[in-house]
Amino acid sequence: MDTALARNQPGRGGALRSAATNWQALPAPSLADIEGASGLIASIYDTTLDPSLWPEVLASCRDFVGGYAASLFCKDTSGLAGGIFFQCGRISPEYGQLYFERYSRLDPATGAHVMAPLERPISSGDVIDPSELYDTRFYREWAEPQGLIDFVSASIEKRGDWAAMFGVFRHQRDGVANAETKVRMSLLVPHIRRAFLIGKVIEQRSFEAASLGDAFDGLAAGMFVIDAAGVLVHANAAGHELLRRGGPLELKDDRIVAANRDDVGPLNAIVAAGGGSAAVRDANGDSFAAHLLPLTSGARRTTGVRYSAVAALFVHCVDIDLPAAPEIIARTYSLTLSELRVLLAIVEVGGVPETAQALGVAETTVKTHLHHVFTKTGMSRQADLVRMVAGFAGALARKN
């Protein structure tokens, strides 16, 4: 390992490496960081109207956070399914393709990426000890040839063992991610998540801002254009249907309010803030996601003027986000992410030599983590581990 890389290694013993531990609080952002993010946040929301803006916006996000490249991507805990939505920077298409074809399943951070709390920035050093990371086949064959030494990411959508993420790669010249990196990341991630989810709700690749109202009227999700006081000035057909059939929202003095008393405060808060997300429920207890898109800046200003309004509220039914079996196993037995990774590989591919080859690590590393797994689970045979994992997976399947 070259000396520049050795100097930039993250410290050992990170408190976030256990899959069952509490995530450390980040320091408050500085006024300069908040001011620096304000204009960028406006451009993030412009991607809801024109997704082709994402590469340019990601480049600005990368520069604000500090790094080599940035990406919106998805993958599952197995590392076998995933792909890139949008990307900017110097990661070549060949390396991007190689990651999902060969190295995602070898990436020791894959489990952490999927299981981390939504919007919580994590770096490589939060997941795995650097001495172990730099010995992996993933690092030696994929990251090191590109000069990459760290990756800071945050989940923006999760479904079971699948997650969509925003991430920034750190090059040797950038150094590893520190607290300031994560604070800056935390300023952007909620807005990136909101824009990403609203873009999915709109279900349009691109359209002119002047025709936005017509596009909204064809959405399956309910959409309500409101003014600064929350007064309804326009609703699409799906929105009118939600109001008519006693959904999660209702009209009170021409204002959009939550039908469930417990949801009134969170909904009022995002309206007062001019943007945000809240969970609301209907009379049957079914859950809905409410996302407020500001219409007062950038390419969205045309729509705001057209409707004499400040925001568009999108409301759609959501599935309950049940944790995947690996996440439940990790929490139940307080397994670290490295231990969980070895456990799942042992179950899938078999013995220690085969697991070491599959994960791209030394056999001694596998033996160490396997010993910890046996100790924490109270089991002594690999066959017992196989039955245990199958039992958790079966229980979840029956619940679903």
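What to note about this one:
- For the range 278-292, the set of residues classified as touching a strand residue (DSSP E or B) at 6+ places or on another chain (Cβ under 7 Å) and not acidic (Asp, Glu) consists of Ala278, Ala279, Val280, Arg281, Ser287, Phe288, Ala289, Ala290, His291, Leu292, listed by residue number.
- Residue within the range 81-94 that is closer than 30 Å to Tyr333 by Cβ and either in contact (Cβ under 8 Å) with a residue 12 or more places away in the chain or touching a strand residue (DSSP E or B) at 6+ places or on another chain (Cβ under 9 Å) (or both) present: yes
- Residue check for Glu132: assigned to a strand (DSSP E or B) and of a type in the set (Asp, Glu): no
- Scanning the range 111-129 for residues that are within 14 Å of Val342 (Cβ to Cβ), among the small types (Gly, Ala, Ser) and not in a helix (DSSP H, G or I) yields no hits at all.
- Extreme residue, modelled with the lowest pLDDT, among residues of the range 355-373 that are crowded, with 17+ Cβ neighbours inside 10 Å and of a type in the set (A, V, I, L, M, F, W, C): Ala358
- Looking at Arg193, Arg137, just one residue is assigned by TED's automatic domain parsing to the domain that holds Tyr68, more than 21 Å from the chain's Cα centre (by Cα) and in contact (Cβ under 8 Å) with a residue 40 or more places away in the chain, and that residue is Arg137.
Yes/no matrix, rows are residues, columns are (1) at pLDDT 90 or above; (2) within 29 Å of Leu292 (Cβ to Cβ):
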| residue | (1), (2) |
| --- | --- |
| Ala4 | no, no |
| Arg7 | no, no |
| Gly14 | no, no |
| Trp23 | no, yes |
| Ile34 | no, yes |
| Trp54 | yes, yes |
| Asp63 | yes, yes |
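The values are calculated or read from the model by the stated rules, or taken from the named source; none is laboratory data. Quantities reported herein were computed from a predicted structural model and do not represent experimental measurements. No Cβ is skipped: glycine too gets one built from the backbone with ideal geometry, and neighbour counts run over all protein chains shown.
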